[in-house]
1. Can you tell me what share of the DSSP beta bridges in the chain is antiparallel? A percent to the nearest 5 is fine.
2. Determine the equivalent ellipsoid of the range 1-61 by diagonalising the alpha-carbon gyration tensor, then write out the semi-axes as square roots of 5 times the eigenvalues, largest first, rounded to whole Å.
3. Running Debye on the chain with equal point scatterers at the Cα sites and no solvent, what base-10 log of I(q)/I(0) appears at q = 0.13, 0.14 Å⁻¹?
4. Using only the alpha-carbon atoms of the range 82-162, report the extent along each of the three principal axes, biggest first, to the nearest angstrom.
5. Mind ordering 212-219, 132-139, 297-304, 101-108 by average Cβ neighbours within 10 Å, highest first?
6. Whole percent per 10 Å bin, from 0 to the bin with the longest distance: what is P(r) over all C-alpha pairs of the range 125-175?
7. Place the peptides 2-8, 55-61, 178-184 in order of packing, highest mean first, counting for every residue the other Cβ atoms within 10 Å and averaging per peptide.
8. From the C-alpha coordinates alone, can you work out the Kirkwood hydrodynamic radius of the range 1-118, in Å?
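The values are calculated or read from the model by the stated rules, or taken from the named source; none is laboratory data. None of these values were measured; they are calculated from a predicted model. Positions of Cβ are backbone-derived with ideal geometry, glycine not excepted, and every protein chain shown enters the neighbour counts. Surface accessibility is based on the protein's heavy atoms, side chains included, excluding ligands, DNA and RNA. Shrake-Rupley method; radii C 1.70, N 1.55, O 1.52, S 1.80 Å.
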Amino acid sequence: MTILRDKFGRPMRDLRISVMDKCNFRCPYCMPAEIFGENYDFLKKDQLLSDDELVRLGELFAQLGVTKLRITGGEPLIRRNLDQIIRRWMAIPGIEDVAMTTNGYFLKPMAQKLKDSGLHRLTISLDSLDDEVFSQMNGARSSATRVLEALEEAQRVGFENIKINCVVKKGVNGHTVVDLARHFKGTGVIVRYIEYMDVGNINGWKLDDVVTADEIIAIINAEMPLVEVPPNYRGEVANRYQYADGTGEIGLIASVTRPFCGDCTRVRLSAAGEFYTCLFGKQALDLRTPLRDGSTDADVLQLISDVWSHRSDRYSERRTSFTELPTKGAEMFRIGG
Ligand code: SF4
């Protein structure tokens, strides 16, 4: 099989699939409540990719070299029959890994079903253990306790190496990053701190609001010494740091100060079937229409291949050269970060 490569020789390996645009949280850096009110016009059922369409696309992307699927949203656990879709994705030849990122709110009652579906890995978003701060970060939609209880249940049913994603915003939760590290040190859970990013066009991103990876490491290292270690594999987005006393590790996803576009093998699919070759991409390829207008698999494969082979995205590396931030094609909640 010829490996499909983009303009910089990068293969397509990781498909991040948003299965739902709705979310029950209102995180200001993704879905500010003042914009996404009760009457916001989210995708209707027939506008969402159906279960069969999601599986068909999984099969087609696997034929083009994708081996890893990451399920995102909005909040993916709002999608009905998700465990059934996961079982079908797991059965696709070439798909080696299926992971999911969730806000954890609905996870506790669903953990066993997800485990039984064969889901490999879980990442849970938790921006602070301080309920007041966490509430500020999720639009007052959940306590940290509820998320921690869901994490415990996920561990009880057998999920290992669970990761915590924490977006760090200066003046909001920058002062609580060490609490998360202290809480999960020695538990096998890996906290990944994410530099606040200008995803989409509505979160009012400013460079001044970024707590850099270096700053986060310095804060934690002062109390719990860290040692940088090599990535688990080429293209891993997080920089890894282990505790010097051997009791675990943290990760830094530093798209702003340490861009990682060089090895980017990620593509994104919105819940409406829009195919993006970059998180910050302007253009999308509509795949829902060819899935519904009788196009053959070969037609759809050709459409995807044409886009990928012309791909030259390196947004994060170019971000600081922009005098004005360019308009992005998709908001975070539509393509799931
Ligand atoms: S900015 Fe775009 S090209 Fe760079 S790592 Fe992120 S998704 Fe990949």
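1. Working: 14 of 44 bridges.
Of those bridges, close to 30 percent are antiparallel.
2. 32, 18, 8
3. -1.02, -1.20
4. In descending order, the Cα extents are 45, 21, 20 Å.
5. Details: 212-219: 17.6, 132-139: 19.2, 297-304: 15.1, 101-108: 21.9.
Answer by packing, highest mean first, reads 101-108, 132-139, 212-219, 297-304.
6. In whole percents, the pair-distance histogram is 25, 49, 23, 3.
7. Values: 2-8: 13.1, 55-61: 20.7, 178-184: 18.1.
The packing order, highest mean first, is 55-61, 178-184, 2-8.
8. Working: mean 1/r = 0.0639 Å⁻¹.
Kirkwood hydrodynamic radius for the range 1-118: 15.6 Å.
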